[in-house]
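The values are calculated or read from the model by the stated rules, or taken from the named source; none is laboratory data. This structure is a prediction, so every number in the text was calculated from the model and none was measured. When we count neighbours, we look across all protein chains shown, and the Cβ atoms used for this are built from the backbone with ideal geometry, even at glycine.
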Amino acid sequence: MKQLQVCNKRDLLEIVENIDTQKTSKMLLFIALGTVFLDAYDLTILGTSTDQIKKEFHLSPTMLSVVMTVMPFGALFGAILGGRFADKIGRKKIFSVSLLLLIITALGAAFSPNVILLILCRFVMGFAIGMDSPVVFTYIAEISNKSDKGRNVNYWQVVWYISMVASALCVIMFFLLGTGDHLWRFAVGFGAVIALVLYILRLKYLDESPIWIVNHRPLNEAAQFVEQHYHLKVNLIEDDTTTPVKKQSDQALQALLSKRYFPRLALATAIATLQGMQYYAIGLYIPLIATYIIGDGKLESLLGTAIVNIAGIVGAYFGAKFTLRFGARKLTMIGFGLVLLAMLCIGLMYKSLPMIFNTLFVAVFLFGHAGGPGTQGKTIGAMSFPTSLRGRATGVVESVSRLGSISGTFVFPVVLAAAGLSNTMLILAAVPFVGFLVTFLIKWEPVGKNVENEA
C-alpha cells in the first residue's frame, strides 16, 4: 500500500485534490447525480400536465403560475439554509433530511384533494430541493480531483436533461396505462419512489465529503478518514490533534464580498439567475409550447417534449466534455448566444415557419442552454471558492438564482396568455442578451484553478 507523508491539513488537501480519479467511488458520484435527477423530475413534472391541473382545479393563467412558481419559491428559502448548515454539520446529513422531505411531500402532492394542499406540498418540496441543490454541487466538487472537478460538476446538466426525457416517457407510460384525469397524480407520486431508492442507497454507500472532513476534524481523524476513503497509508510526521478545529467563520459573508471573491460570486450568481429565468420560462413549459407547434394531442406533445429534450442531453454532454478545454466562461457566452438566436428566430418567424423548423429552434435553445449557462453558473459557484466558503457561496448562488426561476416560472403563462408565443419569445430574449453581456464583462475562469491553496 502506498505511503504518503503528511505534516498538516494542507498536505491532506493536496492528496485529495490530486489523487487518481479511480480512487474515488463512482457510487458516490452516482448517488449525488441521482439527486440532481430527482430534483429535475420533481421541479418539472407538473409542466407535462398543466392542462390537467387547470381543468381539475379550475385555475386561471395567474393561479396556474402560482402553482408552478411555489416550488422554486420554496427552494429559495431552502437554498439559504442548505449551504449554511452544510458547512456546519456536513453534507451527508443535509442529503438525508432533504430526501425524507421529498418522499413525504411527493406523496402529499399526489393525493392533494385541493389546490391549497397541493401548493403547500410543493412549497415544502421546493424547500427540500433548495436545501439539497447547493450541497450536491459542493459535494461533487469535493469528491473529485482537480483535473476532473469541472467535468464531474458539469455532468449534473446531462443528468438534468436525462431526467427531462425520462419524465416525459414516464408520463407517456402512465397515459398509456389509462390513468386518465389522475395522470398528473401518478406522475408526481412516482417522485417518491425515486427518492426512496436514493435514500436507501445513501444510507448504505454515502460517505461524508473528504475535504469537509479535513477542514472540520483534527488532523489524526482526518488522516484516518483519507486512509479509509482512498485506500492509502498516511504517515503523520506531526500530530496536531491539540489544535482546535477551525470553525466556520462568522465572517464568511464578509470574505465573499471581498475584492478577491466578490467578482466570482457576482458572475456565478448572475449566470445562475439568468439561466434559471430563461429555462423556467421556456424549458419548463416545453409541453405547453409543443401544443402551439405540434398541436393539442397529449401523446404528441409528450413525445415531442421527450425528443426535443435529447438536444439538452447532447448539449450538456458537450458542455461537460469541453469545459476543461474551453473554460466555463467561454462556454457560457456561446450558450447564451445560441439561446438568444433561437428565441429571436421563434419570435420573429414562428407563424411562417414549418413545424420542423420551430422544433429545431427549440432544440437549439436547449442545446445552447444545457452546454452553456445551464451548466456553468452552478459549476462556477462550486469551483470558485475554498471549502471554508464553498457551502456558503453555493448557498448564496442557489438562493439568489431561485429569483430567476421564480420569475421565469410565473411570468411565462401570464405573458403567453396575453401576448401569444411570438411576442413572449421576443420579450424574454432580453434575458440571454443580458447574460451574454455580464459574462463578457466579468473575466473570471475557475477551471484549472486550485482555490484551496490560494495565497
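Observations on the structure shown:
- Residue list for region 299-316, filter: buried (at least 18 other Cβ atoms within 10 Å of the Cβ) and in contact (Cβ under 8 Å) with a residue 24 or more places away in the chain: L302, G304, T305, A306, V308, N309, A311, G312, I313, G315, A316
- Residue check for L198: at pLDDT below 90, of a type outside the set (F, W, Y) and closer than 29 Å to E142 by Cβ: no
- Of all the listed residues (V165, V158), the sole one being crowded, with 21+ Cβ neighbours inside 10 Å and of a type in the set (A, V, I, L, M, F, W, C) is V158.
- Counting only helices (runs of 4 or more DSSP H) wholly contained in region 275-393, the ones carrying 2 or more residues that are of a type outside the set (F, W, Y), at pLDDT 90 or above and touching a Gly at 6+ places or on another chain (Cβ under 8 Å) occupy 310-321, 328-349, 355-371.
- A320 satisfies every condition listed in (1) of a type in the set (A, V, I, L, M); (2) more than 23 Å from A430 (Cα to Cα); (3) buried (at least 21 other Cβ atoms within 10 Å of the Cβ); (4) over 19 Å from the mean Cα position of the chain (by Cα) except (4).
- Residues within region 51-97 that are within 17 Å of I406 (Cβ to Cβ) and hydroxyl-bearing (S, T, Y), tallied: 3
- Looking only at region 30-65, and only at residues there that are among the hydrophobic types (A, V, I, L, M, F, W, C) and under 18 Å from L117 (Cα atoms), the one that is modelled with the lowest pLDDT: L43
- Residues of region 258-274 that turn out to be among the polar types (S, T, N, Q) and either farther than 27 Å from L46 by Cβ or outside any helix (DSSP H, G or I) (or both), as a count: 1
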